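What follows is a set of notes on a single structure, which appears directly below.
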Amino acid sequence: MSDKKIIAVAGATGAQGGGLVRAIQADTNGPFRASDHAQPGLGRCAGAGGARGRSGAGRSG
């Protein structure tokens, strides 16, 4: 089990939210992991995590 704290990012399909999720995911040794959340109906690939094959909307990754 990971000791990393979860940061929930609302609006993960946007430039700022998506950039934040990508930055958190890129910092593999950092103290945080991201849970990206996108507006319903946009689909998994619309989210920052889904586009990278990581976490999807509403899932922590």
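If I ask for residues that are within 16 Å of PRO40 (Cα to Cα) and assigned to a loop (DSSP other than H, G, I, E, B), which ones from the stretch 1-26 would you list? Passing the criteria: GLY11, ALA12, THR13, GLY14. Just one of the numbered conditions (1) touching a Gly at 6+ places or on another chain (Cβ under 7 Å); (2) at pLDDT 85 or above; (3) not charged (D, E, K, R) is not true of SER55: (2). Could you look through the stretch 17-33, keep only residues that are surrounded by 10 or more Cβ atoms within 10 Å (Cβ to Cβ) and out of contact with any strand residue (DSSP E or B) (no Cβ under 7 Å at 6 or more places or on another chain), and pick out the one that is nearest to LYS5 (Cα to Cα)? Per the criteria, the residue is GLY30.
The values are calculated or read from the model by the stated rules, or taken from the named source; none is laboratory data. Bear in mind the structure is a predicted one, so any value in this text is a computation, not a measurement. No Cβ is skipped: glycine too gets one built from the backbone with ideal geometry, and neighbour counts run over all protein chains shown.
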